[in-house]
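The values are calculated or read from the model by the stated rules, or taken from the named source; none is laboratory data. Because the structure is predicted, anything quoted here is derived from the model rather than measured. In this analysis, Cβ positions are derived from the backbone assuming ideal geometry, glycine residues included, and neighbour counts consider all displayed protein chains.
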């Protein structure tokens, strides 16, 4: 049981003649623990049947969670939810001298309890001398109020005194303060008692109401999406002091109102968004109702001269139907529609009867609901459940007492339930009534504590599907208060909207909960896997009250076990208790039961089983097939199967054991005609014979193959042989073959003879290897030029099976020939067939005889080999061409020249980037004494040499020169031209087809670090820098050329400009005597600027020119020359610009 259940159980326990038992404190529980014992930690002689588990204590911690003591090891644990966890309970009683007191607050957040020697939370348990009087005080926390004491005290006083003559358990009950937001919508003090609240499609509330003093009006108030209210006049009311109204909204959020107009008229008003239009009907006024369907048609029901009249407005004409022409219809009628367009009407009859009218989409029906109600004129609000079942709220007359009741129709039957509202309700006043999407019932009304009370309450009632609860929304002090109406609506999100008239000040008011103050929580339960079982819930409801306790029980199916909870439940106990303080979910996890099917074999025979010992799921089927080997028979099953057929297990619900018995049959053996050894010559074959030792009684296939060993040995023929009872004793031939190989080893292989059901047999096949290991050279002779070297190769003829060292020496002959390198070579099985190089050299000598020498190659255990080396004398009287040295050049196809060789008619030229001429860039022959390469030579060092046809092998000494890379020139003659806030650059393009463009660099100091300002290479010959402001600062630039490979030239000359200033550029000029020199005055850098004047000085040599020789070219109308000041060697001219220049 949980903590609260344990407290109640111990206090109500009557055991051994005593009734003063209580739940022990943590200290009391620990006092009986025996810490010298374990699992359980208690003396079981005195406390038999103690579980090695948790026991509940009466002690709670500061968070209102309970302490538990474990009698597994004697430890204590806190922090467990008092209402959620269930553990064992042990009751305790004191002797008559002491009495324990346990106090608590419910809810824990609601407040604290203090008293004599005790303060909870913190100290919630104390023991007192018997007879002690303890004063307790309940202290509510903010937003809570004290309600009452429960347990061993029943009182609503905030402070109480309790006499401790026995164990006491006391709880202070707190509840949250009601939190309603109340707004005065219309404060003119004229609001009448008739109000109606409705929600538009956006769930914004609107209110229709009448005024009770002149001018008498029907008014409408609407709240926007930022909680601002506006009011407006719908029409003048011609029925002073009454003016019952009902409100509805169309799909465009436009309001429509039905109301009284005069003692003999009703009115229907609708707003098109800018103005109100009203229609008047000549019927006796009484409370009417309105509903709007999905087509925005208006449906109205009202009292019409003691009959019930229904009208439909389709936007152009009214359709009228009299639903009840009895002449006894009361003043009040209420209408509601469902999503399918069906109509539901509740109304009264003068004979104190409650009636109901229904339109099913094709026709109307009328029936009685209750035959004794308070009055035909009392309101009878109607609402629909989520299943479209009608529910009517009305006042029943039970022996003269007005009792609020609900009449609900389900499956065609009316059922009745009393609503626990106080009876002090004025019978003619309207209730607020609604049912939300979760079928919770909401009611608002005015009530008094007693008939004579001056206090009137506006109250809100809620039925959550199980219990009723109430809250005070507003209250008023007035002897006449209470005789007014209220209206209620509920948003889909649960927000409550109540409209009412203040019965004291006659202001129109609006109250909202901004989400219902009473919390409801959902419980989602599921099982995993879905076939594993189910969860039972007590109580089973769609929604639960905040704090409500719910018990869930996991019920596994027959083939499953419950394993654990997940979600908001935990643990392995199949029962879980949840406190619904929030939406909760619980998952019951099940595991399918498994069983072991043990499958074994026995007997002296052999065979196979289609299944082995395994674990199967509950309910599985299993079929096992026993197949005997060729040498055995299947004798049958024992255990949980029998017979000699398949063992079939169906719907397994327990462990199973099966045994298959195989018996051995007598069979022959394999026989060969050899003692176990066969020799096979390399590159040849050998045979042996196979037969059986006895008739087999069946056809026997014998297979022969190499089992292991030398892969050169294989079965050539006879790999498969067949024997029957007619030829079992005749040898049949198996032929083995030994392939030619390179090694010199006699390999061996195991040859296996097998037959199904018979013992196999092995014989050994030995290869007789005929190979010999020899030394191999790649030549029998070699020519060594005098003063140079020559080489030959050595290897082995086969893998040596060991490391072999080969020695190479001159055995005899010309001593000028010797072994320069490779005198000792090593070979292994991994490197035996690759030639290894031996280099010979022939020393230069004075003779002209071509000497010879025998070079011997030898290795331990092998026959020696030899190579004859012949010295080659150089040619006699043959001269090499004399080269004409070549200078370094940038020309990549330079012409190479040499001097002739007497008697030569042709020459061979070699060109290389290496002095060794190991590789060549070009090699060709020509009959001339020069050569120009057909392909460009690369930059860098170049070597070349020439030989003649007298002896092409006899080359000249090489000549060496460098080919330098082509130089990329920068652009020439850069110019910088100033603008108002820019600089324009021009230059002369660099010639060459591979020029990709030009990079532009800028800096404010001529010797500073320049920065590239062009993102990509500039094509063309101009570039404008727009990122320079006008001022005194000079900007300096240079350019580089870029080729297609991205190579960049050296910088051009630096040019400068000052944006916003005019600068003249006059270049220096030179000329031959007697020629005319023209000095251009360049003012192009004055782009966009006005030049007023400029001084120009021309310096000359007076020994050559005179001032008269200097002419000034006439200018355009924009400029003119001013007077000039002449001095020896200098002419000053003034250039003047017009205002427009």
Is the range 707-727 home to any residue that is under 17 Å from residue 669 (Cβ atoms), touching a strand residue (DSSP E or B) at 6+ places or on another chain (Cβ under 6 Å), touching a residue at least 12 places away in the same chain (Cβ under 8 Å) and assigned to a loop (DSSP other than H, G, I, E, B)?
-> no
Flagged in the range 296-320 as surrounded by fewer than 20 Cβ atoms within 10 Å (Cβ to Cβ) and more than 15 Å from residue 349 (Cα to Cα), in numbering order, are 296, 297, 312, 313, 314, 315, 316, 317, 318, 319, 320
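Only one of 809, 841 is surrounded by fewer than 16 Cβ atoms within 10 Å (Cβ to Cβ), on the phi < 0 side of the Ramachandran plot and part of a strand (DSSP E or B); which?
Numbers: 841 fails: surrounded by fewer than 16 Cβ atoms within 10 Å (Cβ to Cβ).
Of 809, 841, the one residue that is surrounded by fewer than 16 Cβ atoms within 10 Å (Cβ to Cβ), on the phi < 0 side of the Ramachandran plot and part of a strand (DSSP E or B) is 809.
A quick yes/no check of all residues on (1) surrounded by fewer than 13 Cβ atoms within 10 Å (Cβ to Cβ); (2) in a helix (DSSP H, G or I); (3) out of contact with any helix residue (DSSP H, G or I) (no Cβ under 6 Å at 6 or more places or on another chain); (4) assigned by TED's automatic domain parsing to the domain that holds residue 70:
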{"residue": "10", "(1), (2), (3), (4)": "no, yes, yes, yes"}
{"residue": "20", "(1), (2), (3), (4)": "no, no, yes, yes"}
{"residue": "24", "(1), (2), (3), (4)": "no, no, yes, yes"}
{"residue": "30", "(1), (2), (3), (4)": "no, yes, yes, yes"}
{"residue": "36", "(1), (2), (3), (4)": "yes, no, yes, yes"}
{"residue": "39", "(1), (2), (3), (4)": "yes, no, yes, yes"}
{"residue": "43", "(1), (2), (3), (4)": "no, no, yes, yes"}
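Please specify each residue of the range 130-150 satisfying the condition of being within 12 Å of residue 99 (Cβ to Cβ) and either modelled with pLDDT under 85 or in contact with a strand residue (DSSP E or B) (Cβ under 6 Å, 6 or more places away or on another chain) (or both). Break it down into steps so the answer makes sense when it comes.
Kept after step one, since they are within 12 Å of residue 99 (Cβ to Cβ), are these residues of the range 130-150: 130-134.
The answer is 130, 132, 133, 134.
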Say whether the condition of being without any contact (Cβ under 8 Å) to a residue 40 or more places away in the chain, crowded, with 18+ Cβ neighbours inside 10 Å and assigned by TED's automatic domain parsing to the domain that holds residue 942 is met by at least one residue in the range 848-855.
-> no
Answer yes or no: is there a residue in the range 857-870 that is on the phi > 0 side of the Ramachandran plot, outside the structural domain of residue 949 (by TED's automatic domain parsing), part of a loop (DSSP other than H, G, I, E, B) and at pLDDT below 90.
-> yes
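Considering only residues that are in a strand (DSSP E or B), closer than 26 Å to residue 489 by Cα and under 36 Å from the mean Cα position of the chain (by Cα), look in the range 516-557 and name the one that is modelled with the lowest pLDDT.
Going residue by residue through the range 516-557, those that are in a strand (DSSP E or B) are 520-521, 523-528, 533-538, 544-545, 548-556.
If we keep only those that are closer than 26 Å to residue 489 by Cα too, we end up with 520-521, 544-545.
Checking the rest, the ones that are also under 36 Å from the mean Cα position of the chain (by Cα) come to 520-521, 544.
Values: 520: 67, 521: 83, 544: 81.
Only one residue fits best here, namely 520.
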Across (1) assigned by TED's automatic domain parsing to the domain that holds residue 612; (2) at pLDDT 90 or above; (3) closer than 26 Å to residue 760 by Cβ; (4) crowded, with 16+ Cβ neighbours inside 10 Å, residue 637 clears everything bar (3)
Test result for residue 798, out of contact with any helix residue (DSSP H, G or I) (no Cβ under 7 Å at 6 or more places or on another chain), at pLDDT below 90, surrounded by 19 or more Cβ atoms within 10 Å (Cβ to Cβ) and over 30 Å from residue 680 (Cα atoms) = no
Determine whether residue 473 is at pLDDT below 90, closer than 24 Å to residue 406 by Cα and part of a loop (DSSP other than H, G, I, E, B).
-> no
The one condition in (1) assigned to a loop (DSSP other than H, G, I, E, B); (2) in contact (Cβ under 8 Å) with a residue 12 or more places away in the chain; (3) farther than 30 Å from residue 1053 by Cβ that residue 908 fails to fulfil | (1)
Could you tell me whether the range 696-704 includes any residue that is surrounded by fewer than 18 Cβ atoms within 10 Å (Cβ to Cβ) and outside any loop (DSSP other than H, G, I, E, B)?
-> yes
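Quick check on my filter: what residues within the range 120-132 are surrounded by fewer than 20 Cβ atoms within 10 Å (Cβ to Cβ) and closer than 17 Å to residue 163 by Cα?
Residues of the range 120-132 surrounded by fewer than 20 Cβ atoms within 10 Å (Cβ to Cβ): 121-123, 127, 129-132.
Correct list: 127, 129, 130, 131, 132.
For the structure I just gave you, tell me whether residue 6 is in a loop (DSSP other than H, G, I, E, B) and modelled with pLDDT of 85 or more.
Numbers: in a loop (DSSP other than H, G, I, E, B): no; modelled with pLDDT of 85 or more: yes.
For residue 6, the condition - in a loop (DSSP other than H, G, I, E, B) and modelled with pLDDT of 85 or more - is not met.
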Among the residues of the range 257-264, is there at least one that is modelled with pLDDT of 90 or more and either surrounded by fewer than 21 Cβ atoms within 10 Å (Cβ to Cβ) or closer than 30 Å to residue 494 by Cβ (or both)?
-> yes
Selection from the range 15-33 of residues farther than 30 Å from residue 113 by Cα and in contact (Cβ under 8 Å) with a residue 40 or more places away in the chain yields 15, 33
For residue 386, are the conditions met, namely being in a loop (DSSP other than H, G, I, E, B) and over 54 Å from the mean Cα position of the chain (by Cα)?
-> no
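When you go through 596, 627, 615 one by one, which is the residue that is part of a strand (DSSP E or B), touching a residue at least 24 places away in the same chain (Cβ under 8 Å) and in contact with a strand residue (DSSP E or B) (Cβ under 7 Å, 6 or more places away or on another chain)?
On the way: 627 fails: touching a residue at least 24 places away in the same chain (Cβ under 8 Å); 615 fails: touching a residue at least 24 places away in the same chain (Cβ under 8 Å).
From the options 596, 627, 615, the qualifying one is 596.
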